[in-house]
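What follows is a short report on a single structure.
The values are calculated or read from the model by the stated rules, or taken from the named source; none is laboratory data. Being a predicted model, the structure only gives us computed values, none of them experimental. No Cβ is skipped: glycine too gets one built from the backbone with ideal geometry, and neighbour counts run over all protein chains shown. These area figures cover heavy atoms from the full protein model, side chains too; ligands, DNA and RNA do not enter into them. Shrake-Rupley method; radii C 1.70, N 1.55, O 1.52, S 1.80 Å.
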Amino acid sequence: PWKYLDKSYRNGRSKRWKKGERVDLVASYKNPGMVQRLLKRWAKEFPERTHLERIGKSRQGRSIWALAIGDQPKPGGDAPTLLLNGAHHGNEPISVEFVLEAADALLYAPPGDELRTWLDSRTVWVVPAVNPDGLHAFLEVTARTGRKNGHDHDRDGERERLEGIDLNRNYPFRWGALGEKGSRSRPSSVYYRGSGAASEPEVKAMMKLAKRERFAAAISYHTGTVAILAPYTIPGVENPPQNEAWTIAEEMVQAMPRHAQDRDFELKKNLYPVDGTDQDWHRFANGTVALLVEGARQTPRRVRKRTKVIESVAPAWRFLLRRFTTGRLLDIRVSDGQGHGIDAEIVIQGLEPKAGEVWGTRCPSGRTLRALPSSGTWTVEVKRPGRPSVLREVAVEDGPVPVHIVLEDAETSERCAAESAP
């Protein structure tokens, strides 16, 4: 187990954070219990700026926690949302630290800092450990496992080393579409996609959260190399005529420093053929600018090296939050004459999706945040079943532009259903 290879982790496993103590003072990887204690401590310390939610449970019954950070952190709020997640693969423990570093910086940013300013109008959701079973297995059982979740295929009560499902091959978009090239049907494979799309509770939990929040942008953190991947990563899926996700990823690469492991970040479509991935599902389902950041070539053991790697990767989320706060954006709101949010499909002409996607407003506000690849005049199209489209031309320079479209002829059935807090 990793615990026998890493003294700082052994010493940190029983750590109980005190009020006001910074997470970066505890220089160790964190198992699911440590992640839970830390998120609960933050939620208690910052009750007005956080919302802690158990979004689901893993195959082995461990809680999957999500923490919302912002001036409007409650579910169903008006603020557009972004997502940071780690440890889809539990044997990539530094991916957890990438997410926790972001949360730490956002929560402890002093008044007047640009991070606090961004959180006036945006909410950031962090899910540090999507796969708590795999994370526990890697740290506590054997470092030769942990990529997959805790699915016990033979139901003998024990998760053996080769059992489990690769959660980042289990999402329902183009699940198994590439046959044995993009994932595997053999249960013992590290790339086993499962017996069916979205079969795993961890994937269902992330999908449920995303369906409610409809994230404008997201980063999924992984390790194995130094790179940034932009959707669609699955071969054969057609992108919009102008792919703003790719443009934003190009901008992000330019903003990244040289990596501590002696590499420059590169933008890639994928590293090898894949299907059933989370970032492509987020893109397809909600139009999310969902990027994957490969943040380390290998897992560093020494604290000093670990810290330098985390510092190398941190500019990615900072860039994304800045880009989705102050960059070229259409901040679109669709309502009826009484101000009720309308559930409608939104198409930006020139960015029309080509793979059957339907990208709509976020309920109950009827609001959606859409990034643009360039300045200029853009046309917003509001589409409703059985109704003529409503078009609005908007001139955009360098910053966000609010667009409020009032549908006086909207029927009550078109209003957003009020979302109840979980």
Heavy-atom accessible area per residue - the range 197-294, 1.4 Å, Å²: 32 Å²
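Can you tell me the mean projection area, over all orientations, of the convex hull of the range 256-380's alpha carbons? Units nm², please.
Details: hull surface 42.3 nm².
Mean projected area of the Cα convex hull: 10.6 nm².
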Average Cα contact separation per residue, the range 361-422, under 8 Å, 6 or more apart, as relative contact order %: 36 percent
Cross-link pairs beyond the 32 Å C-alpha cut-off, checked among 7/204; 44/204; 44/269; 181/211; 268/308; 74/308: 7/204; 44/269; 74/308
Rounded to the nearest 10 Å², the accessible area of residue 142 at probe 1.4 Å: 30 Å²
Heavy-atom accessible area order for 98, 319, largest first, 1.4 Å probe: 319, 98
Fraction of accessible area attributable to carbon and sulfur, the chain (%, probe 1.4 Å): 47 percent
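Expressed as a rounded percentage, what relative contact order does the range 1-138 have, with Cα pairs under 8 Å and six or more residues apart? Can you show the working numbers first?
Values: 240 pairs, mean separation 39.1, N = 138.
Across the range 1-138, relative contact order equals 28 percent.
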Rel. contact order, % - alpha carbon contacts under 8 angstrom, at least six apart, the range 253-374: 25 percent
Heavy-atom SASA rank of 404, 153 (probe 1.4 Å, accessible area, largest first): 404, 153
Cα-based radius of gyration of the chain once divided by 2.2 N^0.38 Å, which approximates compact folds: 0.96
Max mean-square fluctuation residue, GNM over the chain, Cα-Cα springs under 10 Å, options 106, 292, 139: 106
Net charge dipole size for the chain [Lys, Arg +1 and Asp, Glu -1 on Cβ; Debye, nearest 20]: 1980 debye
Residue 340 - accessible surface, heavy atoms, 1.4 Å probe, Å² rounded to 10: 80 Å²
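Placing unit charges on C-beta atoms (Lys and Arg positive, Asp and Glu negative, everything else neutral), compute the dipole magnitude of the range 323-374 about its Cα centre in debye, rounded to 20. Don't jump to the answer; show the numbers that get you there.
Numbers: 7 positive and 6 negative charges, 59 e Å.
For this selection, approximately 280 debye.
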Positive-pole candidate from 330, 365, 391, dipole of the range 323-422, charges at beta carbon: 330
Given charges at Cβ of Lys, Arg, Asp, Glu: the range 268-422 dipole, positive-most of 347, 405, 287: 287
Accessible surface, 1.4 Å probe, highest first, among residues 335, 199: 199, 335
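Using a/c under 1.5 as the rounded threshold, could you call the range 117-184 rounded, prolate or oblate? The axes a ≥ b ≥ c are square roots of the C-alpha gyration tensor eigenvalues, and prolate needs a/b larger than b/c, oblate otherwise. Intermediate results must be reported in sequence, preceding the final value.
Details: a/c = 2.91, a/b = 1.42, b/c = 2.04.
Oblate.
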Restricting the range 198-258 to trypsin sites (Lys or Arg not before Pro) in coil, as DSSP defines it, with at most 16 other Cβ within 10 Å: 258
Beta bridges per DSSP with both ends in the chain, % antiparallel, nearest 5: 55 percent
With all protein chains modelled, accessible area of residue 250 [1.4 Å, Å²]: 90 Å²
³J(HN,Hα) computed for each position of the range 375-391 - Karplus, 6.51 cos²θ - 1.76 cosθ + 1.60, integer Hz, glycine/proline x: 6, x, 9, 10, 10, 8, 10, 9, 10, 9, x, x, 10, x, 5, 10, 10
